[in-house]
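Chemist: One structure, pasted below without further comment.
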Amino acid sequence: MRIIFRNLFILSVLMLLVQACATSNADAPLSENQKAAEINVQLGVRYIGKGEYKLADEKLRRALRQDPRSATANWVFALLQERLGEHEVAEKHFRKAISLDPKDSKAHNNYGTFLCKQDRVLEAEKEFLLAVKNPLYSEASSAYANAGTCFLKVPDKVKAEKYFQKSLGLNALQRSALYQMGLLSFERQEYEQASFYFQKYESVAKHNSRSLWMAYQTEVSLGNQGKADDYAHQLKRSFPASQEARLLAESYWNAGSKQQ
């Protein structure tokens, strides 16, 4: 679960933040301080993407001094502080960003992810739903997927699946929703559905050891030995030291023993 949210953080930084300044108050004339703050936010984002957190912190603190009422500067700074383990500071700036611009869907989505990592699932759900309330929000499918992943922590798999399906209804290639639906379908022994989701997932993302192991078992259950062998080869090649690779080796050994 932590790996999923860490990846979501990285995606938020690299795919969402770069455009954040340009999309807020695009039609309003900006003061010199506001323009300078936007530049520093963009620089901060780039430094976050490079893992240069000290420089990012300097740029974002400067942006907040230049324009303390910038919602974008506040929630980007919150994301960085979360990354640095400063959770109280992060929450303070998430809340400030939302108070400054209650319609900022990116702020709600990222705050929801933050709350979910604190196991505050119902509070997180509220933020995700506020994010998708804006019909123009381009990452609504991501917010629904985040809500689904969050409810797996309860666990409430029925509610999680509801949100994953909403996510896929908006974007049929939403990677985290495809991944989780593959796992849920496998758990229910709905192997045709699991195979469908795993194959869609691999068209937009790289498998991890767990998804390869599940996909392998799915194809074995369906009698698709060729496809199963392909997943087995990927698992052994890409994750030779993983627990799933060991389970694969044990399954081969057990199958060989039964044939003797």
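The values are calculated or read from the model by the stated rules, or taken from the named source; none is laboratory data. On a predicted model such as this, the values are computed, not experimentally measured, just so you know. Methodologically, a virtual Cβ is constructed for each residue, glycine included, from the backbone with ideal geometry; neighbour enumeration extends over all protein chains shown. Note: areas computed on protein heavy atoms with side chains; ligands, DNA, RNA excluded. Shrake-Rupley method; radii C 1.70, N 1.55, O 1.52, S 1.80 Å.
Chemist: How many angstrom separate the Cα center of region 147-169 from the Cα center of region 186-232?
Modeler: 20
Chemist: Carbon and sulfur atoms: what percent of the 1.4 Å accessible area of the chain do they account for? Please report the intermediate quantities before stating the final value.
Modeler: Details: 7010 of 13840 Å².
The value for the chain is 51 percent carbon and sulfur by accessible area.
Chemist: Magnitude of the Cβ-charge dipole of region 86-142, K/R +1 and D/E -1, about the Cα centre, nearest 20 debye?
Modeler: On the way: 9 positive and 10 negative charges, 33 e Å.
I would put it at about 160 debye.
Chemist: Compute the Cα gyration tensor for region 53-111, then decide on rounded, prolate or oblate, letting a ≥ b ≥ c be the square roots of its eigenvalues: rounded whenever a/c is under 1.5, prolate when a/b is larger than b/c in the other cases, and oblate in all that remain.
Modeler: oblate
Chemist: With a 10 Å cut-off between alpha carbons and a GNM built on the chain, which of Ala124, Ala160, Ala36 moves the most?
Modeler: Ala36
Chemist: Using 0.36 nm per residue of separation minus the Cα-Cα distance, give me the extension gain between Leu30 and Gln199 in nm, one decimal.
Modeler: Gain on extension, Leu30 to Gln199, equals 56.1 nm.
Chemist: May I pose another question? With contacts defined as alpha carbon pairs under 8 Å and 6 or more residues apart, what's the relative contact order of region 30-79 in percent? Kindly include the intermediate steps, with their values, before the conclusion.
Modeler: Working: 48 pairs, mean separation 19.8, N = 50.
Reported relative contact order: 40 percent.
Chemist: Which residue, Tyr179, Tyr197, Tyr231, tops the fluctuation ranking in a GNM of the chain built on C-alpha contacts under 10 Å?
Modeler: Tyr231
Chemist: With +1 on each Lys and Arg Cβ and -1 on each Asp and Glu Cβ, and nothing else charged, work out how big the dipole of the chain is about its Cα centre, in Debye to the nearest 20. If you can, show how the numbers build up before the last one.
Modeler: Numbers: 36 positive and 29 negative charges, 65 e Å.
So the magnitude is around 320 debye.
Chemist: Given springs between every Cα pair under 10 Å in a Gaussian network model of the chain, which of Asp119, Asp229, Asp104 has the largest fluctuation?
Modeler: Among Asp119, Asp229, Asp104, the largest GNM mean-square fluctuation belongs to Asp229.
Chemist: Placing unit charges on C-beta atoms (Lys and Arg positive, Asp and Glu negative, everything else neutral), compute the dipole magnitude of region 92-229 about its Cα centre in debye, rounded to 20.
Modeler: The dipole of region 92-229 has a size of about 540 debye.
Chemist: Still on this model: Among the listed pairs Lys96/Lys159; Lys54/Lys106; Lys106/Lys133; Lys50/Lys96; Lys117/Lys157, which are separated by more than 20 Å between their Cα atoms? Walk me through the numbers before you get to the answer.
Modeler: Numbers: Lys96/Lys159 30 Å; Lys54/Lys106 24 Å; Lys106/Lys133 11 Å; Lys50/Lys96 26 Å; Lys117/Lys157 17 Å.
The pairs that break the limit, which is 20 Å between Cα atoms, are Lys96/Lys159; Lys54/Lys106; Lys50/Lys96.
Chemist: Now for a different question. Along the charge dipole of region 124-200, pointing to its positive end and built from +1/-1 on Cβ of Lys, Arg, Asp and Glu, which listed residue (Ala131, Phe198, Gln174) has its Cα farthest out?
Modeler: The residue sitting most towards the positive pole is Ala131.
Chemist: Could I ask something else about it? Residues of region 60-167: accessible area per residue at 1.4 Å, in Å²?
Modeler: Details: 4920 Å² over 108 residues.
That works out to 46 Å² per residue.
Chemist: Relative contact order, percent, of the chain when contacts are C-alpha pairs under 8 Å separated by at least 6 residues?
Modeler: Values: 309 pairs, mean separation 22.3, N = 260.
Relative CO of the chain lands at 9 percent.
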